[in-house]
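**Q** One structure, pasted below without further comment.
All of the numbers you see were taken from the coordinates with simple rules; none came from a lab. Bear in mind the structure is a predicted one, so any value in this text is a computation, not a measurement. Every residue, glycine among them, receives a Cβ derived from its backbone with ideal geometry; neighbour counts consider all protein chains shown.
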Amino acid sequence: MTKRLRGRAAVEQRRRRLADEPLCRLCAERGVITPSTVPDHIKPLALGGLDIDTNIRCLCDRCHRMVTAEQFGKTRSKGMGGCDATGLPTDPTHPWAAALGRA
Ligand SMILES: [Zn+2]
């Protein structure tokens, strides 16, 4: 498994990566502006990915949780994705999401 930085160097690396990509990449692809909060390894370290900038995409918490669950084979039950502050479903596979143009 790839070594990743620890301590102060890791904090600085994280800060720099978030500064380089301040908006969530996956939200941006859907035309949604969301601040990124997590530098995500595109190919997870646990799956042999490298801790290098070209393997990093910055995501918001929600997208990060979603891709991590997908990468590690956890399935989400339909309708269990919860809802956002407006009461609309956050799960893009929810039938309402398609109707609302979120899918
Ligand atoms: Zn996002």
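**Q** Given points 7 Å out from each Cα along the Cα-Cβ axis, report the residue 8 to residue 54 separation in nanometres with one decimal.
**A** With each label point 7 Å from Cα toward Cβ, the separation is 3.1 nm.
**Q** Further, regarding this structure: Subtracting the Cα-Cα distance from 0.36 nm times the residue separation, let me have the gained length for residue 21 to residue 84 in nm, one decimal.
**A** So the chain would gain 20.3 nm between residue 21 and residue 84.
**Q** Right, another one. Taking a quarter of the surface of the convex hull around the Cα atoms of the stretch 1-55, what do you get in nm²?
**A** 4.0 nm²
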